[in-house]
């Protein structure tokens, strides 16, 4: 291959980077609704949200080559959580944008925890029986283990470490200078399991204690082995162990707890 032929791809990519007049006109046109149709800004905002969702999927899959199995799920989590926060009095968009972006100087970690709790509590109402809860726990544990071993999480940890801070919360183990990162989705399932345990008559506080301990064990093992470990397998195990007898009794169709018959959750 000659040097001129080798330079062809480089020239092509450089040409693609340059902004063309039509592209500039397209992005400027997104401001027209503020001038031409101010009464339809709500519709325009919905169109913009959907367009950004499509662009983000094209960016991560089409350009980065990362298969996103839960892209719509995270989009839904974000939308639903934003709606809940706005419902309870926090509707200012610019500060929410700064918090979501994790901009230095904003309480990004606290915001992620609150958002994860809201999302988990909201999703818990969808579960109707303890058997469904146990099945979800087993399923998410398997998916998380697969993702960390050879899936999207593995790709991000190995090749895209710059985006980890966006989707994780960092914790410093006692007596160390390192940081253990736990995914925001792990806290979503933590909140979901605790809320569902209370709603379905399981042991809420025992579930909370077992799952909290599971986070500590996962962080300790990960730090000691210097390896990336999934958090949901031990989290799910904590839920199942704390309620093993009750789950088995419900599965067999019996009433293991007298409080369950009266509709009062047992702790």
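For this structure, a couple of remarks:
- Failed item, numbered, when residue 202 is tested on (1) at pLDDT 85 or above; (2) surrounded by 20 or more Cβ atoms within 10 Å (Cβ to Cβ); (3) part of a helix (DSSP H, G or I): (3)
- Criterion (part of a helix (DSSP H, G or I) and at pLDDT 75 or above) met by exactly one of 155, 148: 148
- Residue 182 fulfils the conditions (1) outside any helix (DSSP H, G or I); (2) farther than 21 Å from residue 148 by Cα except for a single criterion, (2).
- When the range 228-246 is limited to residues that are farther than 15 Å from residue 185 by Cα and under 21 Å from the mean Cα position of the chain (by Cα), the one that is surrounded by the most Cβ atoms within 10 Å (Cβ to Cβ) turns out to be 239.
- Pairs where the first residue, in the range 67-78, is closer than 15 Å to residue 144 by Cβ and the second is in a loop (DSSP other than H, G, I, E, B) and at pLDDT below 70, C-beta under 9 Å, 6+ apart: 74/68
- Filter pass, residue 85 being closer than 23 Å to residue 122 by Cβ, at pLDDT below 80 and in a helix (DSSP H, G or I): yes
- Residue among 180, 170 that alone is modelled with pLDDT under 75, buried (at least 20 other Cβ atoms within 10 Å of the Cβ), over 25 Å from residue 249 (Cα atoms) and touching a strand residue (DSSP E or B) at 6+ places or on another chain (Cβ under 7 Å): 180
The values are calculated or read from the model by the stated rules, or taken from the named source; none is laboratory data. From a predicted model like this one, the values you see are computed outputs, not experimental measurements. So basically every Cβ, Gly included, is an ideal-geometry build from the backbone, and we count neighbours across all protein chains shown.
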